[in-house]
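Asks: Got a structure for you, written out below as C-alpha cells; questions coming shortly.
The values are calculated or read from the model by the stated rules, or taken from the named source; none is laboratory data. Small disclaimer: the values here were computed from a predicted structure and weren't measured. Note that each Cβ is placed from the backbone with ideal geometry, even for glycine, and that neighbours are counted across all protein chains shown. Calculation scope for accessible area: heavy atoms of the full protein, side chains included, ligands and nucleic acids excluded. Shrake-Rupley method; radii C 1.70, N 1.55, O 1.52, S 1.80 Å.
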Amino acid sequence: MKLSKQDILKALENITVPGEGQNMVESGAVKNVITFGDEVIVDITIKNPSLQAKKRTEVDILKTIHEKVYEKAKITVNVKVEAPEKPKANVIKGKPIPGIQNIIAIASGKGGVGKSTVTANLAVTLAKMGFKVGVLDADIYGPSIPIMFDVVAEKPLAVTIDGKSKMKPIENYGVKVLSIGFFTQPNQAVVWRGPMAAKALNQMIFDAHWGELDFLLLDLPPGTGDIHLSIMQSLPITGAVVVSTPQNVALADAKKGVAMFQQESISVPVLGIIENMAYFTPAELPENKYFIFGQEGAKNLAQDLKVPFLGELPLVQSIREAGDVGRPAALQTATPLEQAFEKLTQNVVQEVVKRNDDLPPTEAIKITTMAGCSAVKK
C-alpha cells in the first residue's frame with residue numbers, strides 16, 4: 001500500500017505532545033514526514049527532556065498510524081529533544097537607582113579583616129581620580145563608616161525631589177555617605193530582626209537623593225545572611241569585591257563569601273579578592289617584610305577560585321590611626337599608602353570595565369571608559 005503524507009499528518013493531529021496543550025502538528029513539533037510506499041519516516045521535536053516523554057511520543061505515533069492509516073506500515077520515528085534555554089548566568093536582578101552607574105558590594109566572609117577600612121579608602125581614592133562616589137554603610141549592626149569619614153555627629157537633611165521627600169546623604173572628602181549610624185545614638189545597640197534591618201536599608205537606598213554617581217560602594221556586614229540577600233534582591237549589583245587577610249581562618253570564610261555571590265540563584269560577578277594586612281614593615285626597617293598572618297593566602301585563594309586578585313595592602317599603624325580619626329589613609333599624599341590604594345583602585349575599576357564589556361549589562365548605566373584611572377587629582 002502506498003501511504004499518503006496528508007493521511008499521516010491528519011492522524012498525528014490526534015496526538016498531544018507530552019507536557020504541551022496543542023496536538024503535535026499544530027504545535028509545530030512534527031518537523032517532517034516522508035513516505036515511500038508502505039514506509040513512513042516521522043521527524044519530531046519535543047521540549048520535554050525526560051526519557052519517558054520521548055518513549056511515549058514514539059509509541060503514540062506508531063500506534064496512531066497503525067490504527068488510523070495502515071496497520072502494516074513500517075514506521076521510523078526520529079525524536080529530537082530541544083529543552084528550553086536556561087536563563088543566562090549573571091543576569092542582574094533588582095531595581096536600578098536612576099543616575100547610579102555601578103553598584104559595587106564590598107564583602108568579607110569574616111569580621112575584623114578591614115572591610116570597612118578598604119571601602120572608605122577605595123571611595124576617597126575613586127573621588128580623587130575624578131569619579132562621583134557614594135558609600136552606603138549596609139553593616140546595620142556595626143556601622144563604622146561615619147567614624148571613618150569623620151561625620152559621626154552629622155544628621156542627613158530632608159530635601160524635596162519631584163514632590164517627594166528624600167534623605168540627602170552626608171558628604172565629606174568628595175564622597176556621599178549614608179549609614180544607620182546617623183539615626184542611632186553612639187551607645188545604642190541595633191537589636192533588629194532581618195526584615196526590619198532590610199526595610200531600613202531599602203529606605204536608605206531608595207528614599208535617598210544620591211544624585212549622579214559613577215560608583216555606589218556597599219559596605220556589607222560580615223558573613224552570608226539576611227542583609228546580603230536583601231541587598232542583592234533590591235539592587236542590580238554590578239559586581240562584588242571580597243576582602244580577606246592571609247590566614248587560613250579568614251580564607252575559609254572568604255571562600256564562602258565568593259561562593260555566595262556565585263550561586264546560580266544570585267549570580268553576581270565577583271570582581272576579585274583583596275588581601276588586607278598582607279605584611280608588616282616597621283618604619284625603622286623599611287626594607288623588611290614580616291608576614292604576620294601568613295603569606296599570599298588571599299592571592300592563592302583567588303587563583304584557586306579563578307577570580308582576579310586585585311592587590312594587597314600592608315599592615316600599617318597609620319591606616320588604623322587614620323580610620324580612627326576620620327581621615328582615610330589614602331588621603332595622605334605622596335606616600336606609599338596612597339600609591340598602594342591607587343593601584344588597588346585602578347585594578348577595581350579595570351575589572352568593572354571588563355565585567356561590563358564581557359557580561360550582560362545591569363539595569364543601571366555602566367562605565368564605558370577608564371577615565372580617571374591615571375589617578376590625576378582634580
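Asks: Name, by its number, the condition in (1) touching a strand residue (DSSP E or B) at 6+ places or on another chain (Cβ under 6 Å); (2) within 30 Å of ALA153 (Cα to Cα) that does not hold for ILE205.
Replies: Status for ILE205: all satisfied but (1).
Asks: OK, next. If we keep just the residues of segment 337-365 that are open to solvent by less than 50 Å² (accessible area, probe 1.4 Å) and farther than 30 Å from ALA278 by Cα, which is modelled with the highest pLDDT?
Replies: Filtering segment 337-365 for residues that are open to solvent by less than 50 Å² (accessible area, probe 1.4 Å) and farther than 30 Å from ALA278 by Cα, the one modelled with the highest pLDDT comes out as PRO360.
Asks: With in contact with a helix residue (DSSP H, G or I) (Cβ under 8 Å, 6 or more places away or on another chain) and open to solvent by 30 Å² or more (accessible area, probe 1.4 Å) as the only criterion, which of MET167, MET129 stands out? Working first, answer last.
Replies: Numbers: MET129 fails: open to solvent by 30 Å² or more (accessible area, probe 1.4 Å).
Just one listed residue meets the conditions, MET167.
Asks: Let me ask something additional. Give just the number: which of (1) more than 24 Å from MET232 (Cβ to Cβ); (2) open to solvent by 20 Å² or more (accessible area, probe 1.4 Å) does PHE309 not satisfy?
Replies: (1)
Asks: Here's something else I'd like to know. So which of ASP253, ASP324 ends up being in contact with a Lys or Arg (Cβ under 7 Å, 6 or more places away or on another chain), closer than 27 Å to ILE145 by Cα, open to solvent by 20 Å² or more (accessible area, probe 1.4 Å) and among the acidic types (Asp, Glu)?
Replies: ASP253
Asks: Looking only at segment 121-141, count how many residues are within 21 Å of the chain's Cα centre (by Cα), more than 17 Å from TRP210 (Cα to Cα) and assigned to a helix (DSSP H, G or I).
Replies: 1
Asks: Name the single residue that is farthest from THR333 (Cα to Cα) among those in segment 297-321 being over 24 Å from the mean Cα position of the chain (by Cα) and β-branched (Val, Ile, Thr).
Replies: VAL316
Asks: Hey, does segment 288-296 have a residue that's surrounded by fewer than 21 Cβ atoms within 10 Å (Cβ to Cβ), within 26 Å of the chain's Cα centre (by Cα) and either at pLDDT below 85 or within 18 Å of THR125 (Cα to Cα) (or both)?
Replies: yes
Asks: From (1) acidic (Asp, Glu); (2) at pLDDT 90 or above; (3) more than 22 Å from the chain's Cα centre (by Cα), pick out the condition that doesn't hold for ASP162.
Replies: It is condition (2) that ASP162 fails.
Asks: Go through the residues of segment 180-197 one by one and say whether even a single one is surrounded by 22 or more Cβ atoms within 10 Å (Cβ to Cβ) and within 24 Å of LEU271 (Cβ to Cβ).
Replies: If we filter segment 180-197 for residues that are surrounded by 22 or more Cβ atoms within 10 Å (Cβ to Cβ), which is where we start, we get 180-181.
Remaining after also requiring within 24 Å of LEU271 (Cβ to Cβ): none.
Within segment 180-197 (the criterion being surrounded by 22 or more Cβ atoms within 10 Å (Cβ to Cβ) and within 24 Å of LEU271 (Cβ to Cβ)), the answer is no, since none of the residues qualifies.
Asks: Name the residues in segment 11-34 that are more than 15 Å from VAL81 (Cβ to Cβ) and surrounded by 18 or more Cβ atoms within 10 Å (Cβ to Cβ), would you?
Replies: ALA11, LEU12, ILE15, VAL25, VAL33
Asks: Something else now. Of the conditions (1) open to solvent by 30 Å² or more (accessible area, probe 1.4 Å); (2) modelled with pLDDT under 85; (3) in a loop (DSSP other than H, G, I, E, B); (4) of a type in the set (A, V, I, L, M, F, W, C), ALA259 clears all except one; give me its number.
Replies: Status for ALA259: all satisfied but (3).
Asks: Write out, first by first residue and then by second, each pair whose Cβ atoms fall under 6 Å of each other, whose residues are 6+ apart or on separate chains, and whose first residue, in segment 36-59, is more than 16 Å from GLU82 (Cβ to Cβ) while the second is open to solvent by 90 Å² or more (accessible area, probe 1.4 Å) and modelled with pLDDT under 85.
Replies: Taking only residues 6 or more apart or on different chains, the pairs are GLY37/LYS2; ASP38/MET1.
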